[in-house]
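Inspection log for the structure reproduced underneath, given as structure tokens.
The values are calculated or read from the model by the stated rules, or taken from the named source; none is laboratory data. Predicted model only: the values in this text are computed from it and were never measured. Please note: Cβ atoms are built from the backbone with ideal geometry, for glycine as well, and neighbour counts cover all protein chains shown. Note: accessible area is taken over every heavy atom of the protein model, side chains too, but ligands, DNA and RNA are not part of it. Shrake-Rupley method; radii C 1.70, N 1.55, O 1.52, S 1.80 Å.
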Amino acid sequence: MKIVDDVYYIGVNDYKLDLFEGQYPLPHGMAYNSYVIIDEKIAVFDTVEHNFASEWLANLAKVLNGKKPDYLIIHHMEPDHSSSIDEFLEKYPDTCIVGNSKVFQMLSQFFPEFTVKNKLEIKEKDNLSLGKTSLTFFFAPMVHWPEVTMTYDATHKILFSADAFGKFGALDFQDDWVEEARRYYIGIVGKYGKQVQATLKKFEGLEIKYICSLHGPILSDNIESYLNYYNIWSSYNAETNGVLIAYTSMYGHTKEACEILYEELKKNNCQVEMYDLARTDVFQVIAKAFQYDKLVLASPTYNTEVLPFMNTFLNGLLSRNFQNRKVALIENGSWAISAAKKMKEILANAVGLEFYEKVITIKSKVTKENHNDLQELAKELMN
């Protein structure tokens, strides 16, 4: 597929994989993206997951039309992008491998039996001319691996962004970019907001007409909106003014309390979403927590702790640097109620969390007093 003159997409779709990185559900598959620039010199940008090597090499051969590539530029060594390097080099052994020092270190780890015949080790802001096409390399360490490199094609105004700006989902499935891009970003890159901010600064002043990531669609309309989403997510600011309710419930009473709160917020036109942590992809709810500026946590006390699903959720937030939010707590129990205390203790190291003063405590079953307290909490959450 031609992107612009001389620049082609040669990636593949994967509907076989059910979990990305062994943990993130893929209901609509995944795309492994790869690109080619045909100029006086020919550059291939990344490979694909090894199970799709034959399909990818066929896509490449079609674009090359009998020519041979001069360069294979490696932006990221995660196996879904690098595990076909050996098959590529078997077919095109004279190709020069382009990467930074960490790329070559990882290359020897993933392919200890393979010797790279030709290589070009690049440094930050090095340039590579393909003829009329001029490439500049920018390092993006920990976005989301230490070796990550991005390439700016000044001729076509393309940013080859490695995993950044990618999303879950195969390219032949049409969906909203932001939902799956947010789940992808928060899950995979969320911990490294500081590093993302540093990388975004490198692109200030560059004219970008296309963003070509290693996952997801080629972005070309309203590039500023995609950059803005990454700025919001990586600075840990809220994307939406509203409320996320995340709960666990054993016998339905904690769920009932959350439903009362949800309905109070909805009838007052507050943006609100509610999720049962036992019945929802936890990574989806984690991403939603980063979207909203207010979070309600509700859990029964269970063996003097919180239910395991809530524990997993809270630790998932922490491991992604969740911060700068207002948090309300709802707890339940029939004796020795301590869920609110435990939830607050788990989040103690999170930066910039502001807890609502009143904790709603349900003693076994929702009472009229609890109902009134939930109505009051709804008012506070809307302020």
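Side notes on the structure shown:
- If you check K132, K157, K102 for being more than 22 Å from G11 (Cβ to Cβ), in contact with a Phe, Trp or Tyr (Cβ under 9 Å, 6 or more places away or on another chain) and touching a residue at least 40 places away in the same chain (Cβ under 8 Å), only one passes: K102.
- Output for segment 169-196, where each listed residue is out of contact with any Gly (no Cβ under 8 Å at 6 or more places or on another chain) and among the aromatic types (F, W, Y): Y185, Y192
Okay, residues lined up against (1) out of contact with any strand residue (DSSP E or B) (no Cβ under 8 Å at 6 or more places or on another chain); (2) part of a loop (DSSP other than H, G, I, E, B):
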residue	(1), (2)
D175	no, yes
A181	yes, no
Q197	yes, no
I208	no, yes
V243	no, no
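- Summed over segment 301-354, residues that are in contact with a strand residue (DSSP E or B) (Cβ under 8 Å, 6 or more places away or on another chain), in a loop (DSSP other than H, G, I, E, B) and of a type in the set (V, I, T) total 1.
- In segment 62-74, the condition of being in a loop (DSSP other than H, G, I, E, B), under 23 Å from the mean Cα position of the chain (by Cα) and modelled with pLDDT of 95 or more is met by at least one residue.
- Comparison of S319, S364 shows that the only residue that is surrounded by fewer than 13 Cβ atoms within 10 Å (Cβ to Cβ) and within 21 Å of L277 (Cα to Cα) is S319.
- A search for C-beta distances below 7 Å between a residue of segment 224-251 that is under 11 Å from F290 (Cα atoms) and in contact (Cβ under 8 Å) with a residue 12 or more places away in the chain and any residue that is open to solvent by 30 Å² or more (accessible area, probe 1.4 Å) and of a type in the set (V, I, T), counting only pairs 6+ apart in sequence or on different chains, returns E239/I232.
- Screening N324 with (1) crowded, with 23+ Cβ neighbours inside 10 Å; (2) in contact with a Phe, Trp or Tyr (Cβ under 6 Å, 6 or more places away or on another chain) gives one miss only, at (1).
- Residue under evaluation I158, criteria (1) of a type in the set (A, V, I, L, M); (2) touching a Lys or Arg at 6+ places or on another chain (Cβ under 6 Å); (3) under 30 Å from Y229 (Cα atoms), criterion not met: (2)
- Only one of T254, T304 that is within 14 Å of M343 (Cβ to Cβ), buried (at least 16 other Cβ atoms within 10 Å of the Cβ) and touching a Ser or Thr at 6+ places or on another chain (Cβ under 8 Å): T254
- Residue within segment 344-357 that is closer than 20 Å to N237 by Cα, among the aromatic types (F, W, Y) and open to solvent by less than 50 Å² (accessible area, probe 1.4 Å) present: yes
- Of the residues making up segment 78-94, those that are in a helix (DSSP H, G or I), acidic (D, E) and open to solvent by less than 50 Å² (accessible area, probe 1.4 Å) are D80, D86.
- Counting the residues of segment 275-293 that are in contact with a Leu (Cβ under 8 Å, 6 or more places away or on another chain) and open to solvent by 20 Å² or more (accessible area, probe 1.4 Å) gives 2.
- Residue count for segment 138-170 satisfying the condition of being modelled with pLDDT under 95 and under 20 Å from M1 (Cα atoms): 0.
- Residues of segment 26-52 satisfying the condition of being surrounded by fewer than 20 Cβ atoms within 10 Å (Cβ to Cβ), in contact with a Ser or Thr (Cβ under 7 Å, 6 or more places away or on another chain) and not in a loop (DSSP other than H, G, I, E, B): H50
- On the stretch given as segment 257-274, residues that are open to solvent by less than 10 Å² (accessible area, probe 1.4 Å) and either charged (D, E, K, R) or touching a His at 6+ places or on another chain (Cβ under 9 Å) (or both) total 1.
- Answer residue from segment 182-199, given it is among the hydrophobic types (A, V, I, L, M, F, W, C) and open to solvent by 10 Å² or more (accessible area, probe 1.4 Å) and is nearest to F139 (Cα to Cα) among those: A198
- The condition of being open to solvent by 70 Å² or more (accessible area, probe 1.4 Å) and within 30 Å of V196 (Cβ to Cβ) does not hold for N311.
- Selection within segment 157-181 - open to solvent by less than 10 Å² (accessible area, probe 1.4 Å) and of a type in the set (V, I, T): I158
- Yes/no for T133 being in contact with a Ser or Thr (Cβ under 8 Å, 6 or more places away or on another chain), open to solvent by less than 10 Å² (accessible area, probe 1.4 Å) and either farther than 22 Å from I3 by Cα or among the hydroxyl-bearing types (S, T, Y) (or both): yes
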